[in-house]
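Undergrad: Here it is, the structure in full.
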Amino acid sequence: MHDPFAEERMQFLLTMRRRGINDIRVLRALELVPREKFVEPEQAAYAYGDHALPIECGQTISQPYVVAAMTEALELEPNHKVLEIGTGSGYQAAILAHLAGEVVTVERYRTLAEQAERRLRDLELDNVTVIVGDGSLGAPDHAPFDRIIVTAASPDVPEALLDQLVDGGMMIVPIGPVNGLQSLVRLRKKSGGKGIEREELMAVRFVPLVPGKAAAL
């Protein structure tokens, strides 16, 4: 069957490698997930460009390099249980599904959650649970998690999410002001309650982590 995006996908993977994504498992996951399925039909031609694209509810699908870098920074293992905050289109969750044993993803917009769930189901990624809820609270009923990835910016370290990490677990989260550059931070929870290690990875710009569920969408 002809794949109209085959050449774009190959160039996309070469771009990711040139930009420093070296984890073979992450690159394979990027290859396996058809990004064109996670954007609006009128945006499909731009799906493999290295830039963010608009989706419904005023949100965006993140720049592919940022998705890849955040995923690589998680150091995922096949047995890991992962929490994602901010499902959006479902693209990041689909990448995680190829790398981890179980993925729980929380979205405040019901419209986005239902679309993402449908896309994931169509791709037969049955190790992902999509929840409509308040991402700032995490998913305590499903905790604890080996890894947490937050795809919205928080002004401070989200303590409620840290509490849902296992000892030795890791969180990737953009931290900084709502309307400016943020820092992508990797937090490692030390075993035995000995605190948190913090590492700043790169400058990013994400939509804010908004408390509560969206009322109408």
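The values are calculated or read from the model by the stated rules, or taken from the named source; none is laboratory data. Bear in mind the structure is a predicted one, so any value in this text is a computation, not a measurement. Methodologically, a virtual Cβ is constructed for each residue, glycine included, from the backbone with ideal geometry; neighbour enumeration extends over all protein chains shown.
Undergrad: So, in the range 1-13, exactly how many residues are free of Cβ contacts under 8 Å to residues at least 40 places away in the same chain and in a loop (DSSP other than H, G, I, E, B)?
TA: So the count comes out to 4.
Undergrad: Right, another one. Among the residues of the range 22-56, write down those that are in contact (Cβ under 8 Å) with a residue 40 or more places away in the chain, crowded, with 16+ Cβ neighbours inside 10 Å, under 23 Å from residue 207 (Cβ atoms) and not basic (Lys, Arg).
TA: Within the range 22-56, 30, 33, 38, 39, 47, 48, 55 meet the criteria.
Undergrad: Which one is surrounded by the fewest Cβ atoms within 10 Å (Cβ to Cβ) among residues in the range 175-217 that are part of a strand (DSSP E or B) and in contact with a Ser or Thr (Cβ under 9 Å, 6 or more places away or on another chain)?
TA: 200
Undergrad: Criterion first (touching a residue at least 60 places away in the same chain (Cβ under 8 Å), touching a Ser or Thr at 6+ places or on another chain (Cβ under 9 Å) and surrounded by 18 or more Cβ atoms within 10 Å (Cβ to Cβ)) does residue 135 satisfy it?
TA: yes
Undergrad: Which of the residues spanning the range 14-56 are over 23 Å from residue 122 (Cα atoms), in contact with a Leu (Cβ under 8 Å, 6 or more places away or on another chain) and assigned to a helix (DSSP H, G or I)?
TA: 16, 17
Undergrad: Answer yes if at least one residue in the range 78-91 is of a type in the set (Val, Ile, Thr), out of contact with any Cys (no Cβ under 8 Å at 6 or more places or on another chain), in a loop (DSSP other than H, G, I, E, B) and at pLDDT 95 or above, and no otherwise.
TA: Looking for residues that are of a type in the set (Val, Ile, Thr), out of contact with any Cys (no Cβ under 8 Å at 6 or more places or on another chain), in a loop (DSSP other than H, G, I, E, B) and at pLDDT 95 or above, one finds at least one in the range 78-91, hence yes.
Undergrad: Sticking with this one: Out of all the residues in the range 150-157, is one or more at pLDDT 95 or above and either surrounded by fewer than 21 Cβ atoms within 10 Å (Cβ to Cβ) or among the small types (Gly, Ala, Ser) (or both)?
TA: no
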